[in-house]
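Enquirer: Dumping the structure here so I can ask a few things about it.
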Amino acid sequence: MVSRRSSYEVVVAGGGPAGATAAALIADAGHDVLLVERSSQPQFKVGESLMPATHSVFERLGLLEAMRRSDYPRKHSVQFYGRDGRPSRPFYFHEFDPAPSSQTWQVLRSTFDQMLVDNAARKGAEVVRGTAVGEPLLEGEAVVGARLRAADGATAEVGCRVLVDATGQSSLLARRFGLRRVENRLRNVAFFTHYSEARLDEGIDAGATIIYHTVGGGSWFWFIPLPGERVSVGVVGDVGRLVAGRAREPEQVFEEELARCPALAERLASARRLMPMQAVRDFSYTTGEGAGDGWILVGDAFGFIDPIYSTGVFLALKSGEMAADAVAGALAADRPSGEGLGAHLPELRRGVEALRRLVYAFYDDDFSFAEFLGRHPDCRASLVHMLMGNVFSHSMEDLLAALDESQAPPIAEAGP
């Protein structure tokens, strides 16, 4: 049996952070929800670092205590190493927000994602694993259901009033409707793995995310502590530079770039690699529309920004929360139209665009945080709030204006 029933008010395609959040909150609002997840078991995923602004979503989901009881390392700051190999002063979140919400976590995605799915089930959503949403069912231009396919080959058509697309970078509906646009300036690839026995910092810095430019630029590394003294380490760079014309074995590319990052190489000198090198295409993209009659996009199905500031899970959780409110409101008004389901999109786009501007600045060869803050010391608070993810609760106009003044690259296009 693919699902217990032939129709639901809401079908959520995808059980990652965006889909599980949307499913939990829509079910909690009293609506019947089917959450469909393609994988039969929790999967390893990259994207382990959270932003402090996830705190309010965890609180609403009822998961704050579970996060506090977890063995996930506490993240209090972000630190950057420049192209000259010199470190910035850590950006400590509590210096600008002394509340408990200024601290967040570094998570192991398999256990974290399962916790969110289990929470959706507790809230009343029906969860089906090992089943994929193959395509939407249409009446004219409106989505009225989805065709499901289980791992054993069984199929079913399930009707719904709203289909929430949380299929991640598969982008089921965006591809089906031709909405996806790749940003040519951010066509990157990442090679990453996990290590044990890397040198970690102590005290409040033990769980910090550290970002390293390679000497001379052209690529950058992340260093993210995980439970059990494990660390996630990955290199990101333009796909043409890291792949084209070079040995295509991920291990060799990774080691070549690590040789240009002595500060990180020193941390890993005695470390032991725990798994084969992984590769993922990190192309940033937008979508022309985020909702239509009977459908709505959340998380990476809505859009993806380069991971330099750990925005992925934050935007998944936040877009899932916003979409849940839009869906509940549209169903209560008996109007699951594109207009009703997309009521939150202007606010979401404004926050995403602010984050995108800072991503563009990072990739500007002439930009450095130290020099920028030397010219604009009054922007430090706004910069830290942006690194915390507070783009929906704090104005970023002063920071964005200063980035303009510093000739940071302009926004290429609207979205997502």
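Enquirer: To the nearest 0.05, how large is the calculated FRET efficiency for ALA263 and ASP152 if R₀ is 51 Å and r is the Cβ-Cβ distance?
Expert: Using R0 = 51 Å, I get an efficiency of 0.50.
Enquirer: Next question, about the same structure. How many nm separate the modelled label positions at ARG129 and ARG68, each set 7 Å beyond the Cα in the direction of the Cβ?
Expert: So the label points at ARG129 and ARG68 sit 2.9 nm apart.
Enquirer: Beta carbons within 10 angstrom, averaged per residue: use that to sort the peptides 72-78, 202-208, 175-181, highest first.
Expert: My ranking of the peptides, most packed first, is 72-78, 175-181, 202-208.
Enquirer: Roughly how compact is the chain, stated as its Cα Rg over 2.2 N^0.38 Å to two decimals?
Expert: Computed over Cα atoms of the chain, the ratio equals 0.97.
Enquirer: Cut-off under 23 Å on the C-alpha distance; same-chain residues fewer than 8 positions from LYS123 excluded. Which lysines are left, in chain and number order?
Expert: LYS318
Enquirer: Then there's this: Cα centroid distance between segment 47-87 and segment 156-175, in Å?
Expert: Rounded to whole Å, the Cα centres lie 29 Å apart.
Enquirer: Give the residue list of trypsin sites (Lys or Arg not before Pro) in segment 202-272 that are DSSP loop and have at most 14 other beta-carbon atoms within 10 angstrom.
Expert: In loop regions of segment 202-272 (DSSP not H, G, I, E or B), the sparsely surrounded trypsin sites (Lys or Arg not before Pro) are ARG246, ARG248.
Enquirer: Please give the residues of segment 260-290, grouped as numeric ranges, whose backbone N is less than 17 Å from a label point set 7 Å along the Cα-to-Cβ vector of ARG175.
Expert: Only 280-288 fall inside the zone, counting backbone N under 17 Å.
Enquirer: With label points built 7 Å along Cα→Cβ from the Cα atoms of THR111 and GLU339, find their separation and express it in nm.
Expert: Simple spin-label model gives 4.8 nm for this pair.
Enquirer: With point charges of +1 on the Cβ of Lys and Arg and -1 on the Cβ of Asp and Glu, referenced to the Cα centre of the chain, which listed residue (VAL233, LEU403, TRP222) lies farthest in the positive direction of the dipole?
Expert: Result: VAL233.
Enquirer: Viscosity 0.890 mPa s, temperature 25 °C: give me the Stokes-Einstein translational D for segment 305-376 in µm²/s, with Rh taken as the Kirkwood radius over C-alpha pairs.
Expert: Translational D for this selection: 171 µm²/s.
Enquirer: Also: Give me the number: length gained by fully extending LEU137 to ARG60, i.e. 0.36 nm times residue separation minus the C-alpha to C-alpha distance, one decimal in nm.
Expert: 24.5 nm
Enquirer: Now a separate question. Per DSSP H run of at least 4 residues, take -39500 (n - 2.57); add these up for the chain, divide by its residues and hand me the 222 nm value, nearest 500 deg cm²/dmol.
Expert: Mean residue ellipticity, 222 nm, calculated: -9000 deg cm²/dmol.
Enquirer: Quick one: helix 109-122 against the long Cα principal axis of the chain, what's the angle to the nearest 10°, folded into 0 to 90?
Expert: Tilt relative to the chain: about 30 degrees.
Enquirer: Report the net charge of residues surrounding LEU172, where surrounding means a beta-carbon distance below 15 angstrom and charges are Lys +1, Arg +1, Asp -1, Glu -1.
Expert: For residues surrounding LEU172, the net value is +1.
Enquirer: Compactness ratio of segment 141-230: Cα Rg over 2.2 N^0.38 Å, N = residue count?
Expert: 1.74
Enquirer: Here is a follow-up. If I take R0 = 41 Å and measure r between the Cβ atoms of GLN252 and GLU405 in this structure, what FRET efficiency does the formula 1/(1 + (r/R0)^6) give, to the nearest 0.05?
Expert: Taking R0 as 41 Å, the efficiency between GLN252 and GLU405 is 0.50.
Read-outs throughout are calculated quantities, based only on the coordinates presented, and are distinct from any laboratory measurement. Everything quoted here is computed from the prediction, not taken from an experiment. A quick note on method: Cβ atoms are made from the backbone with ideal geometry, for glycine too, and the neighbour counts reach across all protein chains shown.
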